[in-house]
1. Rank ASP162, ASP281, ASP310, ASP89 by accessible area, highest first, at a 1.4 Å probe radius?
2. Express in Å², to the nearest 10, the accessible area of SER364 obtained by rolling a 1.4 Å probe over the protein heavy atoms while all chains stay in place.
3. Placing +1 at every Lys and Arg Cβ and -1 at every Asp and Glu Cβ, with all other atoms neutral, what dipole size does segment 238-373 have around its Cα centre, in debye to the nearest 20?
4. Looking at segment 194-257, which trypsin sites (Lys or Arg not before Pro) are DSSP coil and have at most 15 other C-beta atoms within 10 Å of their C-beta?
5. Extension gain HIS305-ASP162, at 0.36 nm per residue separation less the Cα-Cα distance, in nm?
6. At 7 Å along the Cα-to-beta-carbon direction for both ASN146 and GLN102, put a label point, then send me their distance in nm to one decimal.
7. When all protein chains stay in place, what accessible area (Å², nearest 10, 1.4 Å probe) is found for MET303?
8. What does the charge add up to near ARG182, with Lys and Arg as +1, Asp and Glu as -1, over the other residues with Cβ less than 11 Å from its Cβ?
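The values are calculated or read from the model by the stated rules, or taken from the named source; none is laboratory data. Quantities reported herein were computed from a predicted structural model and do not represent experimental measurements. For neighbour counting, all protein chains shown are included, and Cβ atoms are generated from backbone atoms with ideal geometry for every residue, glycine included. Surface accessibility is based on the protein's heavy atoms, side chains included, excluding ligands, DNA and RNA. Shrake-Rupley method; radii C 1.70, N 1.55, O 1.52, S 1.80 Å.
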Amino acid sequence: MALPYNHHYKLSLSSLFSRKPISSRLQPICCLQCNSSVSSSPFTEKHSFQRYQRDRWVYDNNQRLSLNNNDHAGSCSIPPDTHSIRLNDIALQLPELRKLLQVLKHKRESCGGQVSRNGPGNVFLVGTGPGDPDLLTLKAVRVIQNADLLLYDRLVSNAVLDLVGPDARLLYVGKTAGYHSRTQEEIHELLLSFAEAGATVVRLKGGDPLVFGRGGEEMDFLQQQGIQVKVIPGITAASGIAAELGIPLTHRGVANSVRFLTGHSRKGGTDPLFVAENAADPDSTLVVYMGLSTLPSLALKLMHHGLPPDTPAAAVERGTTPQQRMVFAEVKDLADKIKMAELVSPTLIIIGKVVALSPFWRQSLKEESCLVEA
């Protein structure tokens, strides 16, 4: 469904960029927690040192004082009010965002003095794959290296972000449970404002931008405003991680179809666990994105609707990266084994007979056999 566009929805120059931060409430960057404890993650954590080093241009000079290598040795405590943290972070960014917007506008207007002839810039929705930078397409690399501004999500790996050109500007707009650095409407408006200024704007998304990435919403919104949007596909986590583990998502005589399921849904939407009746097909493969919290309920419902309890399954944390961790188990035991292994997000879950074709499945059975004998 097309999203309506009105003055309330437009947040940039009229409201978002003109919002006056209350200086007495602003905190230095270190109080937003440049936390070294998450430095081992291949992805961008919401308050990691890497994020603030990468995005330091967007904070004004008065707030940069504590952002240096000495801060990497430790971290500051973070207040429990994440809403205040988010607003504080945005307030710190606004002056530099306005400045960059003006620079781009001036550059655009100086090209012959005919603004209308130049037209708006392009927006690229780029899929960066499950984490391994070698899985990027050549087209994605070219676009990333030639962008003016890149808005990136949490699940865009640090290795991919290292490919960004030296003159480009990076802005974190990631979302995690309980903390959205930008609302979806604010992301829409950032894309629109900078595209209208003539910039080449790249929206980086983990996996594929049109698979559980809300890329369709961004594309629809921008096209309604006359902005050209180009989508560069990426290897979605399901195919990238399954290939890494040697799991064919479909296999003749074993699985004749594959189904992608999100482990949670948009607020007010249908509970994804209600689809278990249709998803409990022993001749199909089920791939669950973002499903750690709902897996116990989902597994019970799948078995209730006919999926054999001994169906092979796998859970993969941070797939295709050096920090990848895996758990293989029958579906009836998978949730317990994930809990024992303390897997964390992002974790992809694959359920189906094709999992047994992976060499890691056979290896896990041997390890269990050794434990039983011991």
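1. Values: ASP162 120, ASP281 55, ASP310 90, ASP89 5 Å².
The ordering from most to least exposed comes out as ASP162, ASP310, ASP281, ASP89.
2. We get 20 Å² for SER364.
3. Values: 13 positive and 14 negative charges, 75 e Å.
Using Cβ point charges on Lys, Arg, Asp and Glu, segment 238-373 gives about 360 debye.
4. Working: sites: ARG203, LYS205, ARG214, LYS230, ARG252; in loops: ARG214, ARG252.
Of the trypsin sites (Lys or Arg not before Pro), the ones in loops of segment 194-257 whose Cβ has at most 15 other Cβ atoms within 10 Å are ARG252.
5. Values: separation 143, 0.36 × 143 = 51.48 nm, distance 4.61 nm.
Result: 46.9 nm gained on full extension.
6. Label-label distance for ASN146 and GLN102, simple model: 3.0 nm.
7. Approximately 50 Å² for this residue.
8. Details: positive: ARG86, LYS175; negative: ASP89, ASP153, GLU185, GLU186, GLU189.
Local charge sum for ARG182: -3.
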